[in-house]
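As structure tokens, the structure follows; a few thoughts come after it.
The values are calculated or read from the model by the stated rules, or taken from the named source; none is laboratory data. Keep in mind that what you see is a predicted model, and the values were worked out from it rather than measured. As a convention, Cβ positions derive from the backbone with ideal geometry for all residues, glycine included, and neighbour counts pool all protein chains shown. Just so you know, the surface numbers come from the protein's heavy atoms only, side chains and all, with ligands and any DNA or RNA stripped out. Shrake-Rupley method; radii C 1.70, N 1.55, O 1.52, S 1.80 Å.
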Amino acid sequence: MRWSPGGSSDDVEDRRGEGGGGFRPGGIHLGLGGMIVVLILSVIFKRDFFSLLSTGGSGSATTISQPDPARDQREKPLVDFVTFVLNDTQSTWTQVLASENVGYRHAKLVLFRDAIDSACGMAQSATGPFYCPEDEKVYIDLGFYDELKQRFGAPGDFAQAYVLAHEIGHHVQKILGIEEKYLQARRANPREANQLSVRLELQADCFAGVWGHSTQQRNILESGDVEEGLKAASAVGDDRLQRMATGTVNPESFTHGSSEQRMHWFTQGYQSGDVSSCNTFQ
């Protein structure tokens, strides 16, 4: 991607080095790395830990993160990059929603290390990046990007941007009232919780593609960027994650969609640049 380092944003909260403890019930959109962890636990203990999370299971934990100036320095290029992506996605959605006569309010991006206490509850690095609708913040441990490259085989700056754009997509869903309708549907049809979750996640992928369309229109993309985004979307499909964790695939337990579905909906948003093309609930 074509971008310039050194930008800043009032929407970035750097909380690396802070400690936190305690769980509270909440509605975290489980991150990419967290899906693998929860899936493995569900298989080992023969218990649906996904449903436990969705119903606000509680526990207790204490985690303390120590300041790490050397790591802070190593991560500075990533901080610059995610700041750029955050600014660009939010600027894009301000314009896109204005054309729909909807006002956009900025989300915050919280950088943390090891663990963080959010309005949706306590989360650890293994949870992966997530959006908390309760405080309208996206949380990410920048170390996840090493995992994205090494464990998921999805390197590249646009792959990294896709992850953040997906989480901002969840924020757009809240602004448009989709998040609330999704929660109402889950309460009314608990047996369809997984299917509804898949539709919500695929729409966030499509919204990430809408932002990608904007970057292409403004000549920000470079050769190979779209392929990086598609590779990232494929890498975190439920079928691939389940196969990595257990060697088998159970479509009924999908919560985010298959690799093919995630690539399809990202492409849908990227090619159309139109929010109306992202109705995964239709």
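Structure values in brief
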{"item": "Leading residue at positive end of dipole, the range 156-282 (Cβ point charges), from Cys206, Gly229, Ala193", "result": "Ala193"}
{"item": "Two-decimal Rg/Rh across the range 202-282, once Rg and the Kirkwood Rh are taken from alpha-carbon atoms", "result": "1.04"}
{"item": "Percent RCO, i.e. relative contact order, over the range 161-222, from Cα pairs under 8 Å lying at least 6 residues apart", "result": "46"}
{"item": "Heavy-atom accessible area per residue - the range 70-197, 1.4 Å, Å²", "result": "40"}
{"item": "Rg in Å to one decimal, and Dmax rounded to a whole Å, for the range 99-218 via C-alpha atoms", "result": "15.1, 43"}
{"item": "All lysines inside 29 Å of Lys108 as judged from Cα atoms, apart from same-chain residues fewer than 8 positions distant", "result": "Lys76, Lys137, Lys149, Lys174, Lys181, Lys231"}
{"item": "Formal net charge of residues neighbouring Leu221 (Cβ-Cβ distance under 15 Å; K, R +1; D, E -1)", "result": "-3"}
{"item": "Cβ charges +1 (Lys, Arg) and -1 (Asp, Glu), total dipole of the range 129-255, debye", "result": "360"}
{"item": "Restricting the range 169-263 to GluC sites (Glu not before Pro) in coil, as DSSP defines it, with at most 16 other Cβ within 10 Å", "result": "Glu222"}
{"item": "Quarter of Cα convex hull surface for the range 133-202, i.e. mean projection, nm²", "result": "5.6"}
{"item": "Apportionment of accessible area to carbon and sulfur, the range 154-282, percent (1.4 Å)", "result": "45"}
{"item": "Highest-first arrangement of 69-77, 130-138, where packing means the average Cβ count within 10 Å", "result": "130-138, 69-77"}
{"item": "Rule-of-thumb Rg ratio for the range 147-186 [Cα; 2.2 N^0.38 Å; N residues]", "result": "1.57"}
{"item": "The range 111-174 shape via C-alpha gyration tensor axes, a/c threshold 1.5", "result": "oblate"}
{"item": "Net charge of neighbours whose Cβ lies under 10 Å from the Cβ of Met1, counting Lys and Arg as +1 and Asp and Glu as -1", "result": "-4"}
{"item": "Sequence-separation-based contact order of the range 152-282, relative, with Cα cut under 8 Å and 6+ spacing, percent", "result": "36"}
